[in-house]
Amino acid sequence: MNWEMVAFAFLGVLILASGFRVITTPRIVHAALYLALCFTGVAGIFLLLGADFLAATQVLIYVGAVTTLIIFAIMLSSPPEVRGEPARGSGPGGGEPARGAGPARGDEVLGGGPRPEGVQAERGWVGVLAALAALGFVAAMGVVYRGAGLPAQAASLGRTTAPLGRQIFTTYAIPFEVASVVLLAALVGAIYLSVRVPPRPSGTTPVSGPSHAGAGGEMPGEREGGANRGTP
Amino acid sequence: MDSYLEVVIFVAAGFLFVPVTMLVGKLLRPHRPYAEKLVTYECGEPSHGSAQIRYHARYYLFGLLFLVFDIETVFLYPWAVMVRHLGPIGLIEMVVFIAVLVVGLVYAWCKGVLEWV
Amino acid sequence: MSIVSSLNALVGSLPGFWSPLVSALIKVLLVLAFVFGNEIMLIWLERKVCGRFQRRKGPMYVGRPEGWLQSIPDVVKLLAKEDIIPARADRWLFVLAPMVIMVPAVALFVVIPFGRGWVPRDLNIGILYLVALGSFTILSLFMAGWGSGNKWSTLGAMRAVAMLLGYEVPLALSLVGVAMVAGSLSLVDIVHAQERAWFVLLQPIGFLVFLVAAAAELNRTPFDLAEAEQELVAGYQVEYSGMRWAMFFVAEYASLMAISAIAATCFFGGWLGPFASGPWWFLAKLYFFIFLFMWVRWTFPRIRIDHMMELGWKFLLPVALLNIVLTGIGLAIWG
């Protein structure tokens, strides 16, 4: 009986118990969180097997991303308390005024937006200056990278990460590229299913409620949290 | 894995920090609950309805975007460590991989998924 | 240094498998003492910084020069407050959430090198480990908000999760650039690779992306939409009171220290300095970044949630990806 056996027994019980609770707990959010616990236990098993990279990946992708996705899926389904309740105030006029549904709203972050016409000549100068600045940046980077004296390879390469990198990008390069296509397909499919009508046909019209409607009726957004208050 | 003993101990310390502190606090703090005190806070008015409202599908789409780019990140780390050994071929492989996923981002962008309305 | 070596000798003399266990326990105690000792000062510092930025004086009375002991009576006050668990709350989640949020806050410090050889444990997957721990923060915020059984806290939690998702990716991608330049994920290797030039010079774009994404991950004011006192009262913390509420605060400041330490290690050379390298350089850089985040917090107003999401997905993510490609090209030409 050494420490590894103790850790393995503990993780095994944790995984089995949480997995059992996933299918027996009556509250669906609890099931999702038990699933996260189960994933964490599996990451522990990977760690025991010496696969530390895989353990971190397990936590990052399964505990972080997949559980979050499951939770979001639960939150967009309708709980029994809300079912059969009229969705009020979710029409185009129901939004918060503070959200500023005016045109060109999406451009504000990137500093875009309509420009006056007299700016054309100045824009040429700005382009030249930007090009010069970019050249200067590249030159400065060249000097810095040359002078940095970077080690060709760090002293202590992991037993897991570096061999994994070598394998993925030489032996398994094609499956790796195919993985990106699979991910793209998943993304495009989900977007296609959930966004029925192109929300911005002319490029300026703000998204209105019904374009996001799911199966059968309007989806109460987060804003309607307040609108649901008047009912039991 | 001997080298992860510290991780286990630190995780346990973080996890147990709260109950230990709460236990210490138990000696000092009062405990006088009554029905009004245990009501859910809602700006001073009696609370109405359930907290379980439906949320918009856009949350789900952001979650999916996150999942896709999270997986990309996981592929990027072993590549980053080996980038100077793999040479230009490795760089091209990764640029293709990133480009395919950026197509997904651009698609989401054009469909208005990235707008938080 | 002599204390460390004598401790090592003492621990090494223990029999069998007890020696690594005892050494790990000593490390966790030292790190906890460092983190919470500094945290007491940080809370005071934040109030002083806030006060001065608003042309006030901040706390002045407890602790003679400048009220530097103010946090201690605050802790006692919080300990003496009643612990209320609302009747509608999901008791288990409500109690578990602060415990889960403390896990990443403490565990982040495992891989932080405080000085040459002063690291609790140098992991080979260092950066990935740091990024992976962020998953637990996301989960715990949801547990706190949903477990409270309150509309506003659930709303705050959903926003917090959506927001963290958007900034977790740029944060991880900005650190990929660092890993590329250093050729390793271990934070000790990363510091050693900066002997000639700090990585802020080699990764200026990555550094800026990291700073913005880190400020968002910390949930501090330009990006504190999850709490947003004026609209959501306090987001996922509404129903928490007393010491249980304080745990979110403690975790926030521990994360602030951890993120500042990561910035100092990955971009500013960690314990390395132009002269007399040592832990004091690390400490100075740590406090520089902490002050920077406080400065930002008390200077900028909160940004709107749609701007926030667009900044993350439409600007930081493409820029971070571009940075990776450019770094790859740069390494191919000049590396």
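Observations on the model:
- Estimated vicinal HN-Hα couplings, Hz - region C:114-124 in sequence order (Karplus 6.51, -1.76, 1.60; Gly, Pro = x): 7, x, 4, x, 9, 9, x, 7, 7, 8, 5
- Across peptide A:34-40, the average count of Cβ atoms from other chains found within 10 Å of a residue's Cβ is 2.
- Placing a label point 7 Å from the Cα of C:VAL76 along the Cα-to-Cβ direction, the residues of region C:24-66 whose backbone N falls under 15 Å from that point are C:61-64.
- Ordered by the number of other Cβ atoms lying within 10 Å of each residue's own Cβ, fewest first, A:THR68, C:THR299 fall into the sequence C:THR299, A:THR68.
- For region B:48-79, no residue has its backbone nitrogen under 14 Å from a point 7 Å from the Cα of C:PHE315, taken along Cα to Cβ.
- Each label point was placed 7 Å from the Cα along the Cα-to-Cβ direction; for A:VAL126 and B:GLU45 their separation is 4.7 nm.
- Applying both filters, DSSP loop and at most 11 other Cβ atoms within 10 Å, to the GluC sites (Glu not before Pro) of region B:1-74 gives B:GLU36.
- Shape category assigned to region C:162-307 from the gyration tensor of Cα positions, a/c cut at 1.5: prolate
- Region C:231-335: C-alpha gyration tensor shape, a/c 1.5 cut-off, then a/b vs b/c: oblate
- Number of partner chain Cβ atoms within 10 Å, mean per residue of C:314-327: 4
- Region B:51-76 and region C:77-140: distance between their alpha carbon centers, rounded to Å: 22
- Test item: C:299-307 mean partner chain Cβ contacts at 10 Å: 3
- Among C:LYS57, C:LYS151, the ranking by other beta carbons within 10 Å of each residue's beta carbon, starting with the fewest, stands as C:LYS57, C:LYS151.
- For the residue pairs C:LYS77/C:LYS151; C:LYS27/C:LYS285; B:LYS26/C:LYS151; B:LYS37/C:LYS81, the alpha carbons lie more than 19 Å apart in C:LYS77/C:LYS151; C:LYS27/C:LYS285; B:LYS26/C:LYS151.
- Our coupling estimate for region A:126-132, obtained by passing each phi through the Karplus curve with A = 6.51, B = -1.76, C = 1.60 and θ = phi - 60°, is 4, x, 4, 4, 4, 4, 4 Hz, Gly and Pro reported as x.
- Fewest-first sequence of B:CYS110, C:CYS266 by Cβ atoms within 10 Å of each Cβ: B:CYS110, C:CYS266
- Cut-off under 5 Å, modelled amide H: who pairs with C:LYS81 long-range: C:MET243
- Anisotropy class of chain B from Cα gyration tensor, a/c 1.5 cut: oblate
- Note, ³J(HN,Hα) from phi for region C:323-329, Karplus 6.51, -1.76, 1.60, rounded to Hz, x at Gly and Pro: 4, 5, 4, 4, 4, x, 5
- Under 5 Å, built H, 5+ apart or other chain: amide partners of C:ASP224: C:ILE303
- The Cα center of region C:171-220 and the Cα center of region B:17-50 differ in position by 42 Å.
- Gained length - C:LEU208 relative to C:VAL325, 0.36 nm times residue gap less alpha-carbon distance: 40.5 nm
- Site pair A:ALA186 and A:GLU4 shows an inter-label distance of 3.2 nm when each label is modelled 7 Å from Cα along Cα→Cβ.
- Once C-alpha pairs closer than 8 Å and six or more residues apart are averaged by separation and normalised to the residue number of chain C, the relative contact order reads 21 percent.
- Chymotrypsin sites (Phe, Trp or Tyr not before Pro) lying in DSSP loop within region C:1-110, provided at most 13 other Cβ fall within 10 Å: C:PHE17, C:TYR61
- Taking 7 Å steps out from each Cα toward its Cβ at B:LEU28 and A:ALA139 produces label points 6.3 nm apart.
Computed from the coordinates by the stated procedures, all read-outs in this text should not be read as laboratory data. Worth saying up front: this structure is predicted, and the values here are computed from it rather than measured. Quick reminder, even Gly has a Cβ in these numbers, built from the backbone with ideal geometry, and neighbours come from all protein chains shown.
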